[in-house]
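Asks: Below are the structure tokens for one structure; questions will follow.
Each reported figure results from applying straightforward, stated rules to the coordinates on display, with no laboratory input. Predicted, not measured: the structure shown is a model, and the values here were computed from it. Neighbour counts are summed over all protein chains in view; Cβ atoms, including those assigned to glycine, are modelled from backbone coordinates with ideal geometry.
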């Protein structure tokens, strides 16, 4: 059965395609529109992209699974005549093109099928009339995405985000072959005035108070939090508490009241203090809540999803302080991951829990986007002032990194989720602490953001505090851990001020080129780590298409690009990294190419 699923919320829209339980493709809309965090409509570009990857047309789809997200207004059935509805909205200056289905359900008390014209949606968009449009709960989609990619028979599944289906948290357990929802199910759609207790939203308002953008730059506060003192923690904490029932409560009556209170508390404070304070509050309350439910359920494994768990410092705290045997955070933990979760909810509903549990598997990688290996070399070779270097790409890329160059890896299918994990990554040597400032300047990034390392599976535990608890999570850069003391001074570019790093553990089978460059670098230098930072300029999505890669190379964002076939360098970079001189750039390029070839062959 061909299942198309999508997430059409207010941000991070995405789509996925499943052939029964096989995840064929998953793509965020932002990568195609080139607008970071894009949402607030049906993600048609991502839908068509995953269908193209799967080799399907819209008329091949058997089922559409989705959360109760945003849809164009003309698919809704309203209690008022349509003309009057539009007239009233225009009169009060609040005309909108789209409407949130879950909000409409809460306000009207009606079910999805009474509110949304599924027949019109299918007919107008090229789907068959017999296609089932299957709606799922927001937090259940988060939870099932995290649980499906484990092989556990015992787990606590905890989700936390801004709000979804009128609630900000959910708690589920898998025990004895039963999946139980202890909190956060569809019953909240019947509660018109649900509590405004979201720590993720509070973190977002603190992000704004620190001068950044909400729902975009929360990671900056996570990075900054190690540099400040939590002087405002108690002032913020007076509004939140952990109840005796293990649920987070607060005294805010509306989101607006929360925003105003947090802004008032943070006024006049520096960004480091704000970051450290909200981070401490979130760590205290979430560790307390999760710890309560672990104790109550006796679960030994912890699955996490929802935007709050993009916070890698929080994830480390949970892994290291709670009595668990393993932790897993779904790599697309934010709302972009709901597309995958929606399809998995449908499959569970179709087949029953027992069959669904038997089809689970551990996640090997998240390379679910488009593969441009057949195009990238022609696009780069056609660029002005770009030369293809002769020789083995692995050896050439390794030698360039040794000489201080920063290069991009562009290989295979694009990653799904917020992290670059070797398909669209920038690599550089971790031994030079000045590389951080130089790369941040070239990529227009904040100077305080740490770079992440990647490490081969066989080397991970000797460089980082990798344990059976965090090893699976560390394959997807969803958790930080301590850098072992003997390595901190040797790889300063990837060590944060608190002596931690956010590693990616890489295996040869998942990305042979990415792994081979690191192995060659380790064998030549003795350093088993390279920088891996996302291949994008600040405020732009990660590079997707070959044309975006070419532009970044020409603009000097990176010094070289390595593909499966070759290494490409601008003439300017050739001169810089090989000291070639001459009256003409062509002579410099030729001299640099000859030098690399000679180095490769040992002549």
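Asks: Fully extended, how many nm does the chain gain between residue 321 and residue 52 (0.36 nm per residue separation, minus their Cα-Cα distance)? Don't skip to the answer; put the middle values down first.
Replies: On the way: separation 269, 0.36 × 269 = 96.84 nm, distance 4.46 nm.
Answer, rounded to one decimal: 92.4 nm.
Asks: If you don't mind, there's one more thing I want to ask. PRE reach from residue 180 (point 7 Å along Cα→Cβ): which of segment 122-164 fall under 19 Å by backbone N?
Replies: What the label zone holds, given the 19 Å backbone N cut-off, is 140, 143-144, 147, 152-159.
Asks: Does anything in segment 525-560 have its amide N under 17 Å from the 7 Å Cα→Cβ label point of residue 34, and if so which residues?
Replies: The answer is 535-558, whose backbone nitrogens lie closer than 17 Å to the label point.
Asks: Using Cα atoms only, what is the angle between the long axis of helix 199-209 and the major principal axis of the chain, expressed in degrees (0 to 90) to the nearest 10?
Replies: Taking the Cα atoms of the chain, the angle to 199-209 is about 60 degrees.
Asks: First check a/c for segment 353-511, with a ≥ b ≥ c the square roots of the eigenvalues of its C-alpha gyration tensor; if it is under 1.5, answer rounded, and if not, answer prolate when a/b is larger than b/c or oblate otherwise.
Replies: The shape class here is oblate.
Asks: Another one. For the chain, what is the mean residue ellipticity at 222 nm derived from helices alone (per DSSP H run of n ≥ 4: -39500 (n - 2.57); sum divided by total residues; nearest 500 deg cm²/dmol)?
Replies: Working: 25 runs with 233 residues, N = 603.
The per-residue figure over the chain is -11000 deg cm²/dmol.
Asks: Take the alpha carbon gyration tensor of the chain, find the square roots of its eigenvalues, order them as a ≥ b ≥ c, and report rounded if a/c is under 1.5; if not, report prolate when a/b exceeds b/c, else oblate. Walk me through the numbers on the way to the answer.
Replies: On the way: a/c = 1.73, a/b = 1.42, b/c = 1.22.
Taking the square roots of the gyration eigenvalues as a ≥ b ≥ c, the chain is prolate.
Asks: Now a separate question. For 478, 207, 434, what's the fewest-to-most ordering of other Cβ within 10 Å of each Cβ? All intermediate terms of the calculation are to be shown ahead of the outcome.
Replies: On the way: 478 28, 207 25, 434 10.
Ordered by Cβ neighbours within 10 Å, fewest first: 434, 207, 478.
Asks: How far apart, in nm, are the 7 Å Cα→Cβ label points at residue 371 and residue 132?
Replies: 3.1 nm
Asks: Would you mind calculating the relative contact order of segment 2-137 from Cα pairs under 8 angstrom and at least 6 residues apart, reporting the percent as a whole number?
Replies: Taking the mean separation of contacting Cα pairs over the length of segment 2-137, I get 25 percent.
Asks: Continuing with the same structure: Ranking 133, 147 by Cβ neighbours within 10 Å, fewest first, what do you get? Walk me through the intermediate numbers first.
Replies: Numbers: 133 16, 147 25.
Placing the least packed residue first, the sequence is 133, 147.
Asks: Does anything in segment 455-482 have its amide N under 18 Å from the 7 Å Cα→Cβ label point of residue 499, and if so which residues?
Replies: Correct set: 461-467, 480-482.
Asks: Report, in degrees rounded to the nearest 10, the 0 to 90 angle that the Cα long axis of helix 585-601 makes with the longest principal axis of the chain.
Replies: Approximately 90 degrees, to the nearest 10.
Asks: While we're on this one: Using every alpha carbon pair in segment 2-137, what percent of pairs falls into each 10 Å bin from 0 up to the bin containing the largest distance?
Replies: In order of increasing distance, the bins hold 12, 40, 33, 12, 2 percent.
Asks: With the cut-off at 15 Å, report for segment 355-394 the share of all Cα pairs above it, as a whole percent. If you can, show how the numbers build up before the last one.
Replies: Values: 526 of 780 pairs.
Value for segment 355-394: 67 percent of Cα pairs lie more than 15 Å apart.
Asks: For a footprinting-style exposure proxy, rank 139, 103 by other Cβ within 10 Å, fewest first. Present the calculation step by step, with values, prior to reporting the outcome.
Replies: Working: 139 33, 103 13.
Listed from fewest to most nearby Cβ atoms, that is 103, 139.
Asks: Please give the contour-minus-distance gain from residue 551 to residue 234: 0.36 nm per residue of separation, less the Cα-Cα distance, rounded to one decimal in nm. Mind dumping the intermediate values first?
Replies: Values: separation 317, 0.36 × 317 = 114.12 nm, distance 4.77 nm.
109.3 nm is the gain from fully extending residue 551 to residue 234.
Asks: Mind jotting down the distance between the C-alpha centroids of segment 1-35 and segment 267-342, whole Å?
Replies: 25 Å
Asks: Next question. I'd like the FRET efficiency for residue 254 and residue 446, computed as 1/(1 + (r/R0)^6) with the beta carbon distance as r and R0 of 35 Å, rounded to 0.05. Numbers along the way, then the final one.
Replies: On the way: r = 31 Å, r/R0 = 0.90.
In this case the efficiency is close to 0.65.
Asks: For the chain, find the longest principal axis of its Cα atoms and tell me its angle to the long axis of helix 312-321, 0 to 90°, nearest 10.
Replies: Its long axis makes an angle of about 80 degrees.
Asks: Still on this structure: Quote the FRET efficiency, to the nearest 0.05, computed for residue 353 versus residue 60 with a Förster distance R0 of 22 Å and r equal to the Cβ-Cβ distance.
Replies: Values: r = 28 Å, r/R0 = 1.28.
So the FRET efficiency works out to roughly 0.20.
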